[in-house]
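For reference, the structure I am asking about is given below.
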Amino acid sequence: MNRRLLSVVAVAASLALTPAASAGIWSWTGTFSSTNPHTGPCIWWHSGQGQACSGWNYWNTSAVNNGAANDGSLLVGFQNNNRIRGKYDPEGVCCATFQVTPGELGMGGYLIAQTEYATGNPYNATAWASA
Amino acid sequence: MVCLLVAAGLTAAFLVRARTGPAAPPGYPSTIGASGKPVTPSAASRKLGIASLQLIGTRGNRAFYRGSDADNHPCLGAGDASNLGTVGFTLCSRDERPLIASDPVIAVPDVQMTEGSGRWQLVRLDGFAADSVARVTATDSAGVVVAEAQVVDNVFSIVPATAVEPGTIKAYDRNGKLVFSHDYSGG
């Protein structure tokens, strides 16, 4: 009886601890600039400097945390095989978290979350995404 | 506060308070004054951490909000006006302080690039502006004005009539004086 109960508890615990297929979080902290090499599996046809890309997932937000105001901007959004779309994070606002959803950008499904340098001085920030 | 800003060499700055009531101390010249009407955040907005929303206004098919996150940090955001209470993007302070912008305009251009095109296309420009800002324009990468919008209740939305590469976003006060300019053509 105890052994059976233990098995049930073990199975229940393993189910509780197993993340859903779409769950996940990604983050990258570093300097975004026009010269920094990209990091992560950015889509091949737009894989340049100053990009941080997550792996593929069913992301529901792409985001950036900044720690200081800047004169420039970062592009925060998503990639799929044929399109990149995002919004320029207003980096003149400190100290803030900027989030954008795939639906806001007319995208959905299996995507790469991406943040890339756009304008201004090199900038230290944390790009992240959650599913 | 004004002295500090002047001392810092800032020509303009504004505070955004997400709570109800006066948006800023009376007389502060460059502040978002619209407080908005309470709207219940949707499940999708709550998933982004939004706890409360106040609808500032709608422009075309866009709805603009101020609000707060679960830790009561002030936020701004916007989303589809046909789905009130759901924000598509948010900008939230990371502590209890108001969002502080170094410019009188918080511009949030939306751009895309498709495979093979090799260039960005301006899809939309949403934004928030201080009380003193009256008009916002968007140019293409050659500097030609392709769209403009009046700022009403501190918000604006621009959708270019044709596909253009993003250029410079400019904002003007009620006297026509340029108060904000940001060039996105290098992005």
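The values are calculated or read from the model by the stated rules, or taken from the named source; none is laboratory data. Computed from a predicted structure; not experimentally measured. Here the Cβ positions follow ideal geometry from the backbone for every residue, glycine too, while neighbour counts run over all protein chains shown.
Where the second residue is hydroxyl-bearing (Ser, Thr, Tyr) and crowded, with 23+ Cβ neighbours inside 10 Å and the first is farther than 16 Å from A:PHE32 by Cβ and lies in the range A:59-85, which pairs have Cβ atoms under 7 Å and are six or more apart or on separate chains?
A:ASN60/A:THR101; A:THR61/A:THR101; A:PHE78/A:SER62
Which of the residues that make up the range B:13-50 are within 14 Å of chain A (Cβ to nearest Cβ), at pLDDT 95 or above and assigned to a strand (DSSP E or B)?
Listed by number, the list holds a single entry, B:ILE50.
Further, regarding this structure: Is it true that A:ALA127 is in a strand (DSSP E or B), within 9 Å of another protein chain (Cβ to nearest Cβ), closer than 24 Å to B:SER102 by Cα and touching a residue at least 40 places away in the same chain (Cβ under 8 Å)? Write out each step before concluding.
On the way: in a strand (DSSP E or B): yes; within 9 Å of another protein chain (Cβ to nearest Cβ): no; closer than 24 Å to B:SER102 by Cα: yes; touching a residue at least 40 places away in the same chain (Cβ under 8 Å): yes.
Answer is no for this residue.
A further question follows. What number of residues in the range B:36-45 are touching a residue at least 24 places away in the same chain (Cβ under 8 Å) and either under 11 Å from B:GLY85 (Cα atoms) or surrounded by fewer than 18 Cβ atoms within 10 Å (Cβ to Cβ) (or both)?
Going through the range B:36-45, the residues touching a residue at least 24 places away in the same chain (Cβ under 8 Å) turn out to be B:36, B:39-42, B:44-45.
Then drop every residue that is not either under 11 Å from B:GLY85 (Cα atoms) or surrounded by fewer than 18 Cβ atoms within 10 Å (Cβ to Cβ) (or both), which leaves B:39-42, B:44-45.
Selection size over the range B:36-45: 6.
Whether any residue in the range B:81-102 is surrounded by 24 or more Cβ atoms within 10 Å (Cβ to Cβ), more than 13 Å from chain A (Cβ to nearest Cβ) and part of a strand (DSSP E or B) is what I want to check.
no
A further question follows. Does the range B:53-68 include one or more residues that are under 24 Å from A:GLY106 (Cα atoms) and in a loop (DSSP other than H, G, I, E, B)?
Yes, the conditions are met somewhere in the range B:53-68.
Answer yes or no as to whether B:LEU53 is surrounded by 24 or more Cβ atoms within 10 Å (Cβ to Cβ) and at the interface with another protein chain (Cβ under 10 Å from one of its Cβ atoms).
Values: surrounded by 24 or more Cβ atoms within 10 Å (Cβ to Cβ): yes; at the interface with another protein chain (Cβ under 10 Å from one of its Cβ atoms): no.
So B:LEU53 fails the test.
For the structure I just gave you, tell me whether A:GLY86 is surrounded by 24 or more Cβ atoms within 10 Å (Cβ to Cβ), at the interface with chain B (Cβ under 7 Å from one of its Cβ atoms) and not in a loop (DSSP other than H, G, I, E, B). First the steps, then the outcome.
On the way: surrounded by 24 or more Cβ atoms within 10 Å (Cβ to Cβ): yes; at the interface with chain B (Cβ under 7 Å from one of its Cβ atoms): yes; not in a loop (DSSP other than H, G, I, E, B): yes.
Judged against the criteria, A:GLY86 is a match.
A further question on this structure: Does the range B:103-137 hold any residues that are facing another protein chain (nearest Cβ under 10 Å) and among the small types (Gly, Ala, Ser), and which are they?
Listed by number, the residues that qualify are B:ALA107, B:GLY116, B:SER117, B:GLY118, B:GLY127.
Could you pull out the residue among A:THR101, A:THR119 that is in contact with a helix residue (DSSP H, G or I) (Cβ under 8 Å, 6 or more places away or on another chain), within 25 Å of B:THR114 (Cβ to Cβ) and within 9 Å of chain B (Cβ to nearest Cβ)? Give the derivation first.
Working: A:THR119 fails: in contact with a helix residue (DSSP H, G or I) (Cβ under 8 Å, 6 or more places away or on another chain).
Answer to the check: A:THR101.
Being surrounded by fewer than 23 Cβ atoms within 10 Å (Cβ to Cβ), polar (S, T, N, Q), on the phi < 0 side of the Ramachandran plot and at the interface with another protein chain (Cβ under 9 Å from one of its Cβ atoms) is the requirement here; does A:ASN80 meet it?
no
Ok, one more. When B:ASP153 is evaluated against the numbered criteria (1) surrounded by fewer than 21 Cβ atoms within 10 Å (Cβ to Cβ); (2) closer than 18 Å to B:ILE56 by Cβ; (3) in contact with a Ser or Thr (Cβ under 7 Å, 6 or more places away or on another chain), which criterion, by number, is the only one it fails?
(3)
Which ones in the range A:59-77 are within 8 Å of chain B (Cβ to nearest Cβ), part of a strand (DSSP E or B) and of a type in the set (A, V, I, L, M, F, W, C)?
Within the range A:59-77, A:LEU75 is the sole residue that qualifies.
Moving on to the next point. Among the residues in the range B:120-127, are any closer than 21 Å to A:GLN114 by Cβ and charged (D, E, K, R)? Steps first, answer last, please.
Quick first cut of the range B:120-127, residues closer than 21 Å to A:GLN114 by Cβ only: B:120-126.
When the remaining residues are screened for being charged (D, E, K, R), the result is B:124, B:126.
Scanning the range B:120-127 turns up at least one residue that is closer than 21 Å to A:GLN114 by Cβ and charged (D, E, K, R).
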